[in-house]
Amino acid sequence: MKKWMKAIISFALALAMMIPALPVLAADDQVKDRGASLIEDIDYEGNGKVDVEFFGKVVYGKVSVTVKDSAGKTYTATIIDKDSDDLEFKIKNYKAGKKYTFTIKNMKKKGAEKFRKVTGHFKIAGPKECLVEELDYDAVDREVSFEFQGKVEFKNPTVTIKDADGNKISLKIKEYDYEEIEVKLTNKLQKGATYTYTITGVSRKGKNSFKTVKGKFVAK
């Protein structure tokens, strides 16, 4: 072997020994920093349509979607649109006021070796545009939280709580986000008593039609 060839090989070996070994990570391993799911956001658009947004770019194989409600009933789902970062599907014969779980099969993060499935959840509100799905009263912290079905938004919201005689309960809004609004009470409510509430300035996300929501609850 010529001397110049031996010199090149020796230099390459020496250089390789100087570079530290780097860990090899599959693309799917890297996205675990954002949780097991590739899903970034889920938006119910009405009329049975659900839009699912993903973290970064994704690739599809023979992709399909299955949907079940909380009772285990299966609904027919049809993919109506998809691209590199989101997928939209529609379900038939859905029921209002139910919680649903969907599974998207045969997709993967762009650059990943294997196809996988991802699972997400969404809710469909009842007949009213905005409806309180769950109300929680924390007697220890003197807090009442109102959770809505589906995503909502607020515009200068107000919350009023009254007792059976129509007297207002002193309170202030503590915080609110896309799914609930929480208030702090000055005093505890009477256990077992019935109260009425009124929430103003709330709208289904994206509708920009702000309404008033009313209801009753029993302090436990």
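Its Cα centre serving as origin, region 75-220 has a Cβ charge dipole (Lys and Arg +1, Asp and Glu -1) of approximately 500 debye. Note on region 29-123: with charges restricted to the Cβ of Lys and Arg (+1) and Asp and Glu (-1), its dipole about the Cα centre is near 620 debye. A Förster distance of 41 Å, applied to the separation of the beta-carbon atoms of residue 62 and residue 200, puts the FRET efficiency at 0.25.
Fully extending the segment from residue 178 to residue 96 would add 27.6 nm, taking 0.36 nm per residue of separation and subtracting the current Cα-Cα distance.
Across region 42-156, the volume of the C-alpha convex hull divided among the residues equals 161 Å³ per residue.
Extension gain residue 76-residue 55, at 0.36 nm per residue separation less the Cα-Cα distance, in nm? Walk me through the numbers on the way to the answer.
Values: separation 21, 0.36 × 21 = 7.56 nm, distance 2.59 nm.
Stretched out fully, the residue 76 to residue 55 stretch lengthens by 5.0 nm.
Couplings for region 93-107, taken from phi via the Karplus curve 6.51 cos²θ - 1.76 cosθ + 1.60 with θ = phi - 60°, read 6, 6, 10, 6, x, 10, 9, 10, 10, 10, 10, 9, 9, 6, 9 Hz in order; Gly and Pro are left as x. Taking a straight line from the alpha carbon of residue 220, these lysines sit under 22 Å away, with near neighbours fewer than eight places off in the same chain left out: 162, 168, 172, 174, 184, 188, 191.
Spatially, region 180-220 and region 61-87 are offset by 34 Å when compared through their Cα centroids. Using the Karplus relation 6.51 cos²θ - 1.76 cosθ + 1.60 with θ = phi - 60°, the per-residue 3J(HN,Hα) values for region 203-220 come to 9, 4, 3, x, 7, 6, 10, 7, 10, 10, 10, 10, x, 10, 7, 10, 6, 10 Hz, with x marking Gly and Pro. Assuming charge only on the beta carbon of Lys and Arg (+1) and of Asp and Glu (-1), the dipole of region 132-218 about its Cα centre is about 440 debye to the nearest 20.
May I ask you to sort 81, 51 by Cβ crowding, counting other Cβ atoms within 10 Å and putting the fewest first?
81, 51
Bear in mind that the values in this text are calculations on the coordinates, not laboratory data. All values reported here derive from a predicted model rather than from experimental measurement. Reconstructed Cβ throughout: ideal geometry from the backbone, glycine too, with neighbour counts over all protein chains shown.
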